[in-house]
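The values are calculated or read from the model by the stated rules, or taken from the named source; none is laboratory data. All of these numbers come straight from a predicted model, not from anything done at the bench. Neighbour counts run over all protein chains shown; Cβ positions are idealised from the backbone, glycine included.
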Amino acid sequence: MKKSPLAGFANFIREQGVVGLAVGLAIGTAAGDTVKKLVEGFISPIVQFIVGSQAGLEAATFHIELLGRSADFKWGAFVSSAITLIATAFVIYFIIHGAKLDRLDKAKEDK
């Protein structure tokens, strides 16, 4: 007996966990936006308080002239981006660890 293409597609969706993947993607997108807002709303103001202003830090450069040539190194943009990356990773870690989401996969492995 030959399966219909629709039945084969439905079987593929079930076997490959595509629905779970879609749900995870949707939740991940929302979580990413939430973490971004948290960093923008709370972490960035702390950084601004410490270093003066975010725009001032991003614009920080040093200028070198050597052998008749010059270069501007935008170190402030890198430091600003690194601070944002570390703060975002820190927030994600505490959300996952605080909600005990890091233990979900361990429970599956124990069974």
**Prompt:** Could you say which residue among Gly24, Gly76, Gly32, Gly52 is small (Gly, Ala, Ser), surrounded by 10 or more Cβ atoms within 10 Å (Cβ to Cβ) and touching a Leu at 6+ places or on another chain (Cβ under 9 Å)?
**Reply:** Gly76
**Prompt:** If a residue has to be closer than 17 Å to Gly32 by Cβ, of a type outside the set (Ser, Thr, Tyr) and without any contact (Cβ under 8 Å) to a residue 40 or more places away in the chain to count, how many in the range 65-89 make the cut?
**Reply:** 3
**Request:** Starting from residues that are modelled with pLDDT under 75 and outside any helix (DSSP H, G or I), keep the ones in the range 1-16 and report whichever is surrounded by the fewest Cβ atoms within 10 Å (Cβ to Cβ).
**Result:** Met1
**Request:** Would you check which residues across the range 18-39 are β-branched (Val, Ile, Thr) and either under 14 Å from Ile95 (Cα atoms) or more than 11 Å from the chain's Cα centre (by Cα) (or both) and list them?
**Result:** Val18, Val19, Val23, Ile27, Thr34, Val35, Val39
**Message:** Condition first: part of a strand (DSSP E or B) and in contact (Cβ under 8 Å) with a residue 12 or more places away in the chain. Can you find one or more residues in the range 41-64 that meet it?
**Reply:** yes
